[in-house]
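Here's the structure, in structure tokens; my notes come after.
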Amino acid sequence: MKKAIATLAAAIACIAGTAQSTEDIREDYAAAKEHIRLMDAPEYPPTNRYQVVLEKMLCGSGQHKETVTMYFYEDEENEVDICGKRSIYFATVSYNFAIRDYYEEYLYDKDGNVKFIYAKDINSDDWSEVEYRFYLGKKGVIKTTVKRKKQGEENFTLEYDGKMGGYSKAFATYKGKASAYRNLFKAIDNSALY
């Protein structure tokens with residue numbers, strides 16, 4: 001158990017750092033995913049996450065369910081309250097419209113700024129699946145990778161790998177959502193009893 005806690009502390013320190021390269025961001029992403037995997041393990045009792053589930057009937061597309069899970073860590077060196085200041089470091093979002101499923105991930109730095117966005121979307125023109133990966137530094141987008149899988153295909157193929165290309169609209173949408181989820185985290189955290 002002590003080894004798991006030490007591993008998590010190292011992972012959180014890595015996540016809290018300010019990455020400026022895709023390699024740094026990938027390392028932070030892997031550390032965050034490992035931390036989440038350990039939190040979900042039955043032998044690891046502490047869990048630091050907030051989860052919001054929305055369910056509603058949408059006109060024209062039927063039952064809609066959206067699950068937002070926000071993972072956080074506590075900065076015990078900078079104590080604000082009894083448990084220290086809580087900061088979001090990762091969020092996952094899954095939702096559906098009609099029979100189509102969507103999924104997103106957001107990795108945040110120690111100041112709550114998004115530094116990586118992954119989104120699985122559906123192109124409404126040809127119903128192909130699209131994967132977006134946006135890597136961000138202090139000065140904006142470092143790298144954009146877009147993959148596409150057309151209907152009937154098994155694998156994704158690389159469509160774009162560069163700085164931004166023609167994907168600024170998609171980036172603006174997901175960056176706005178990253179800010180909204182960070183604000184949702186803050187609202188829940190501010191209303192929590194502890």
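Which of 120/143; 115/143; 120/150; 33/163; 110/163; 85/138 have a Cα-Cα distance over 20 Å? Mind showing how you got there, number by number?
Details: 120/143 17 Å; 115/143 11 Å; 120/150 13 Å; 33/163 25 Å; 110/163 24 Å; 85/138 23 Å.
As for pairs spanning more than 20 Å Cα to Cα, those are 33/163; 110/163; 85/138.
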At 1.4 Å probe size, what's the solvent-accessible area of residue 61? Round to the nearest 10 Å². 40 Å²
Leaving ligands, DNA and RNA out of it, work out the accessible area of residue 52 with a 1.4 Å probe and give it in Å² to the nearest 10. 40 Å²
Selection of GluC sites (Glu not before Pro), segment 139-194, meeting DSSP coil and at most 10 other Cβ within 10 Å: 154
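Ranked by accessible surface with a 1.4 Å probe, highest first, in what order do 171, 97, 134 come?
Numbers: 171 30, 97 90, 134 0 Å².
The most accessible residue leads, giving 97, 171, 134.
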Residue order for 105, 66 - accessible surface, 1.4 angstrom probe, largest first: 66, 105
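Using the Cα centre as the reference, give the magnitude of the dipole from point charges on the C-beta atoms of segment 120-194 (Lys, Arg: +1; Asp, Glu: -1; all else neutral), rounded to the nearest 20 debye. Intermediate values should be presented prior to the final figure.
Details: 15 positive and 10 negative charges, 114 e Å.
In total the dipole reaches around 540 debye.
The values are calculated or read from the model by the stated rules, or taken from the named source; none is laboratory data. A quick note: this is a predicted structure, and the numbers were derived from the prediction, not measured. Cβ sites come from the backbone with ideal geometry, for glycine too, and all protein chains shown count toward neighbours. We work out accessible area using only protein heavy atoms, side chains counted, and drop any ligands, DNA or RNA first. Shrake-Rupley method; radii C 1.70, N 1.55, O 1.52, S 1.80 Å.
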